[in-house]
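First up is the structure itself, then whatever we jot down about it.
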C-alpha cells in the first residue's frame with residue numbers, strides 16, 4: 001500500500017506552517033518550523049514566487065497532508081463532495097472531518113492524526129460498541145466512539161490532559177468513560193484548519 005515514509009517535518013517546512021503532524025514535538029522548540037522556516041532541499045531558500053496554479057496546488061497539498069490522505073483517495077472525497085448538495089469545498093472538508101481517525105484526534109484521544117490512525121488500524125477503538133479498524137470510516141450523527149480495553153487508557157488520559165485545544169462543538173466527549181459522541185455535522189466555522197477550500201475546488205475544476 002502506498003504511504004509517505006519520509007520525515008514528517010519536511011511536509012510542514014514545504015507548506016511553510018505547522019501542520020501538527022508530530023504531536024507534542026510541534027509544541028516545542030524542536031519543531032522544524034521553529035528551527036528552519038524555509039522549504040526543504042538545496043534550493044529551499046531560493047524558491048521563486050508561486051503562480052496561480054501553484055497557489056491552488058499548495059492548498060490541495062496542505063489539506064492532504066493535514067488529514068494524512070493520498071492523492072487518489074483525496075480525489076474520491078472531492079468527487080463525493082461534488083455530488084452532495086451545498087458548497088463543494090465545505091462538503092469536502094466535512095467528509096474529511098468525519099473520518100474516524102480525525103474524530104479520535106478531535107476528541108483529544110490522540111496527540112496527532114498519525115497516532116489516531118495507527119490506534120484505529122490496530123483495533124483499539126470501537127464505534128457503537130463494534131471494533132472498527134478502518135481509519136477512513138465515516139462516522140454519522142449519533143455514533144459513539146470509545147476506547148476498547150484498558151491497554152492504552154494511560155496514554156489516552158495523557159493526551160486529553162495535554163490541553164491542546166477545545167473539543168469542537170459538533171462532538172461531545174466523556175473523559176471518565178473515555179468515549180465521545182458525534183452530536184452533529186461539522187460546520188465550516190468548526191473546522192479550524194488553515195486551508196482555503198475554494199482554491200482546491202478551482203484546481204480540480206480545471
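The values are calculated or read from the model by the stated rules, or taken from the named source; none is laboratory data. Small disclaimer: the values here were computed from a predicted structure and weren't measured. Here the Cβ positions follow ideal geometry from the backbone for every residue, glycine too, while neighbour counts run over all protein chains shown.
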The stretch 150-174, residues that are in contact (Cβ under 8 Å) with a residue 24 or more places away in the chain, surrounded by 16 or more Cβ atoms within 10 Å (Cβ to Cβ) and not in a loop (DSSP other than H, G, I, E, B): 156, 159, 160, 171, 173
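Please verify whether residue 104 is outside the structural domain of residue 64 (by TED's automatic domain parsing) and either part of a loop (DSSP other than H, G, I, E, B) or under 30 Å from residue 203 (Cα atoms) (or both), treating the condition exactly as stated. Before the answer, list the steps.
On the way: outside the structural domain of residue 64 (by TED's automatic domain parsing): yes; either part of a loop (DSSP other than H, G, I, E, B) or under 30 Å from residue 203 (Cα atoms) (or both): yes.
Taking the combined requirement at face value, the residue satisfies it.
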Candidates 176, 110, 154, 126, filtered to the one that is farther than 18 Å from residue 81 by Cβ and within 18 Å of the chain's Cα centre (by Cα): 110
Residues located in the stretch 129-139, provided they are more than 14 Å from the chain's Cα centre (by Cα) and buried (at least 17 other Cβ atoms within 10 Å of the Cβ): 132, 139
Which numbered condition residue 145 misses (of (1) buried (at least 18 other Cβ atoms within 10 Å of the Cβ); (2) in a helix (DSSP H, G or I)): (2)
Members of the stretch 175-189 that are in contact (Cβ under 8 Å) with a residue 24 or more places away in the chain and not in a loop (DSSP other than H, G, I, E, B): 179, 180, 181, 182, 188
